[in-house]
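Here is the structure we will look at, set down as structure tokens.
We did not get these values from a lab; they are worked out from the coordinates using the rules stated. This structure is a prediction, so every number in the text was calculated from the model and none was measured. FYI the Cβ positions are ideal-geometry reconstructions off the backbone, even for glycines, and counts take in every protein chain you see.
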Amino acid sequence: MPTLCKPSVMVPEYVVTMEETLDFAEQIHAGKPQLSLALRLIRNTGVRKRHIVQPLDQALRHPGFEERNRVYEIESKRRCPEVIEQALANAAVTAEDIDAIIYVSCTGFLMPSLTAWLINTMGFRFDTRQIPIAQLGCAAGGAAINRAQEFCLAHPRSNVLIVSCELCSLCYQPDDDSIGALLSDGLFGDAVAAAVVRGEGGTGVALQRNASYLIPGTEEWISYAVRATGFHFQLDRRVPGTMEPLAPVLRGLAADFGWDVRGLGFYIVHAGGPRILDDLAKFLDVDREMFRHSWATLTEYGNIASAVVLDAMRRLFDEDPPEPGATGVIAGFGPGITAEMALGRWTVDPAASPDGARLHAVAPRLR
């Protein structure tokens, strides 16, 4: 059974607190009728601090789309390798053991994908499959896990590396007063994350089943308007209410597998905002505390897009790993409105020591 191993996560060194966010919002929107709305939206995010790749005063300037994308390329190449090396070590595999790389990001554009650069510079085999995912937004973290599971099932004994690079601060639009832009001013943060799904062995979540669901008629509720200044985040007021129709889908996925979604051992869900987490707990009839890892990500890092589910999973590993056999769910939500969901069971690799040292050869790889 494919197993999602412990993720590695890095957040940049520049920190923006809630207080700083409110201060710059008051300066930028001074005298504008939407100022009170902007401040209220930011306060209600529940985000205490975020991390960004540039100092705040630099991030608040808009040098143009071309320059921002250049910064995206530089920063992604600077920050991804260390995170990837740690993820490989967490899974007790090497670059040569990886058969496919799934790269997810919605905050910059490169062609060829960063996967080509990674293969050329980090020792991955030249026959490694490249699977870039660019347009699923925050749902892409869940989608990457699901596509990795499917790859491993289609190609037994293979290993898949997932890389998420979300530099949301590079999408900041100082002159945009739309609801989506005002909310994103205080919600989104930057992060790089990576994890390995092993086709055999590994400690983590043995992936059992996955599903996707798109809420009909909501494709315009979360979107980018691509303009000369880059990506403008657009958000419909109805998005926070989408957990009510999605909860029955999650409940049905678990029930079809013989599980009761109310009684699982762990819940790793996308922290899009406080209402998303509160509503999902309410409609699934699950204690709010069960979403503590997602809450921690939101509070400490903000919404880090596709990296949220990987960071919440990392916290599960670090803080209170479940007992072997414990059941759980992973869910990412994003544009579409799309939900990417997976069921899994906690497993411990009997061939690995407690510190994760590699004690046996990795199984033969797909060629």
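Structure summary
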| item | result |
| --- | --- |
| Separation of alpha-carbon centers, region 114-140 and region 229-290, rounded to whole Å | 28 Å |
| Helix 274-284 vs. the chain, principal-axis angle (Cα, 0 to 90°, nearest 10) | 50 degrees |
| Answer label, with percent of Cα pairs over 32 Å apart calculated from the coordinates and candidates (1) 28; (2) 33; (3) 51 | (1) |
| Helix axis angle, 18-28 relative to the chain longest principal axis, alpha carbon, degrees | 40 degrees |
| DSSP beta bridges in the chain [antiparallel fraction, %, rounded to 5] | 75 percent |
| Helix-derived mean residue ellipticity, 222 nm - over the chain, DSSP H n ≥ 4, -39500 (n - 2.57), to 500 | -11000 deg cm²/dmol |
| Three-way shape call for region 236-285 based on the alpha-carbon gyration tensor, with the a/c threshold at 1.5 | prolate |
| Trypsin sites (Lys or Arg not before Pro) restricted to DSSP loop in region 94-191 with at most 11 other C-beta within 10 Å | none |
| Signed unit charges on C-beta, dipole axis of region 48-206, positive-most listed residue Ser169, Asn120, Ile179 | Asn120 |
| Student exercise, the chain dipole from Lys, Arg, Asp, Glu Cβ charges, in Debye to nearest 20 | 520 debye |
| In region 98-141, the chymotrypsin sites (Phe, Trp or Tyr not before Pro) that fall in loop regions by DSSP, at most 12 other Cβ within 10 Å | Phe126 |
| Furthest towards positive pole of dipole, Gln27, Pro156, Ala38, structure part the chain, Cβ charges | Pro156 |
| Separation of alpha-carbon centers, region 32-102 and region 164-218, rounded to whole Å | 11 Å |
| Loop GluC sites (Glu not before Pro), region 1-44, which have at most 10 other Cβ atoms in a 10 Å radius of their Cβ (DSSP) | Glu13 |
| Residue of Ala305, Ala254, Ala144 that the Gaussian network model of the chain assigns the largest fluctuation, springs spanning Cα pairs under 10 Å | Ala254 |
| Of Pro245, Leu277, Thr297, farthest towards positive along the dipole that unit charges on Lys, Arg, Asp, Glu beta carbons give region 204-347 | Pro245 |
| GNM result for the chain, Cα springs below 10 Å: residue of Pro156, Pro112, Pro81 fluctuating most strongly | Pro112 |
| Helix 65-90 vs. the chain, principal-axis angle (Cα, 0 to 90°, nearest 10) | 30 degrees |
| Electrostatic dipole magnitude of region 3-198 [Cβ: Lys, Arg +1; Asp, Glu -1; Cα centre; debye, to 20] | 500 debye |
| Top of Gly31, Gly123, Gly108 by mean-square fluctuation, Gaussian network on the chain, Cα under 10 Å | Gly31 |
| Exposure proxy ranking, count of Cβ atoms within 10 Å, fewest first, for Ser223, Ser184 | Ser223, Ser184 |
